[in-house]
1. Across the stretch 60-157, what fraction of all alpha-carbon pairs, as a whole percent, falls in each successive 10 Å bin from zero upward?
2. Output the peptides 163-175, 279-291, 26-38, 127-139 sorted from most to least packed, where packing is the average of other Cβ atoms within 10 Å over each peptide's residues.
3. Keeping the other protein chains in place, figure out the carbon and sulfur percent of the accessible area of the chain, with a 1.4 Å probe.
4. What shape does the stretch 137-190 take by its C-alpha gyration tensor, where a ≥ b ≥ c are the square roots of the eigenvalues and a/c under 1.5 counts as rounded, a/b above b/c as prolate, and the rest as oblate?
5. For Val151 and Glu200 in one chain, what is 0.36 nm times their gap in residues minus the Cα-Cα distance, to one decimal in nm?
6. Stretch Glu256-Arg64 to full length: gain in nm at 0.36 nm per residue minus the Cα-Cα span?
7. For the stretch 192-290, what does the alpha-carbon gyration tensor say about shape, rounded, prolate or oblate, given a ≥ b ≥ c as the root eigenvalues, a/c under 1.5 as rounded, and a/b over b/c as prolate?
8. So if each residue of separation counts as 0.36 nm, and I subtract the Cα-Cα distance between Glu190 and His292, what length gain in nm does that give?
Amino acid sequence: MEGPHGRTWYRITGSLDVSRARGLTPLLVLHGGPGFPHDYLLNIARLGETGRAVVHYDQLGCGRSTHLPDADPGLWTVDLFLDELDALLAHLGISGNHTVLGQSWGGMLATEHAVRRPAGLRAMVLADTPASMPLWRSGVERLRRALPREVQEVLDRHEAAGTTGSPEYAKAAQAFYDRHLLRVRPYPPEVAASFARWEEDPTVYHTMIGPSEFDVTGTLRDWSAVDRLASVSVPSLVLRGEHDEATPECVGPFAECVAGAQMRVFPESSHMPHIEEAGAFRDAVGTFLARHDAGGGSLWRSARAGR
Ligand SMILES: N=C(O)[C@@H]1CCCN1
């Protein structure tokens, strides 16, 4: 899809026509970061086993979409990605009938979409998503202070010196990521692919977040949707891992403030339960989505029974 700032790459698992014919609302998957491309979310495509169309895309500035490393940093705003999301829905012809699954930042974007009460949004899944970045920051600070003392010292020293691009900082940050981002080793190829592409061009992430998940100095530093969550009027499923960097304090407002929101915690997972507990994640999301399809879920139940 061509847009005012460049091309947005997307892929469809299944067929929008089949989805429509079977009464299965298409699912649009929103990746995190921001600027961390879709590859690490590819296994969510298995939700298409019943014939539901599952759309993944790379948001502008990352992955297979147009990169703009020399653009004015002021380009990278929530509204830019909301406009892109609306344009993609229209391009696909699903503005009037869609569900969204946002992971981490993608859940923040999904929330921004939902609070605008779009007529065609049928349901929303928020995975590992903060409702507020100040709450995110206080939660990751607590997790950081539980790291080994020598690791904290390396992180503190490089952040104070402005040398967070150093290999020593990256090695120390990995100690945090091993506990709270993904507890699977080695990284599955699709996760490694997202990291490789992100490392090639971290422009969007560095502008909107900063040096790392726990050193948030970017333009999203004070973002919050907490005081707008009451306006979300669609069925919502809220997911996180027990060891997630998205801590209970930053995810909790979704369950507290979104009417009827369901919360599910994955006990063995951190920030990627769709990988760390893939079957349980897929069953939880598939059952939830099916409940809000026109067909009432019979196709999902028969697909699951056939596994
Ligand atoms: N992995 C993500 O998207 C998180 C969300 C806030 C900072 N990065």
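1. With 10 Å bins starting at 0, P(r) equals 13, 33, 29, 18, 6, 1.
2. The densest-packed peptide leads the list: 26-38, 127-139, 279-291, 163-175.
3. 54 percent
4. oblate
5. 15.1 nm
6. Going from the current span to full extension adds 65.4 nm.
7. It comes out oblate by the Cα gyration axes.
8. Taking 0.36 nm per residue and subtracting the Cα distance, the gain is 33.8 nm.
The values are calculated or read from the model by the stated rules, or taken from the named source; none is laboratory data. Computed from a predicted model, the values in this text were never measured in an experiment. Neighbour counts are summed over all protein chains in view; Cβ atoms, including those assigned to glycine, are modelled from backbone coordinates with ideal geometry. Just so you know, the surface numbers come from the protein's heavy atoms only, side chains and all, with ligands and any DNA or RNA stripped out. Shrake-Rupley method; radii C 1.70, N 1.55, O 1.52, S 1.80 Å.
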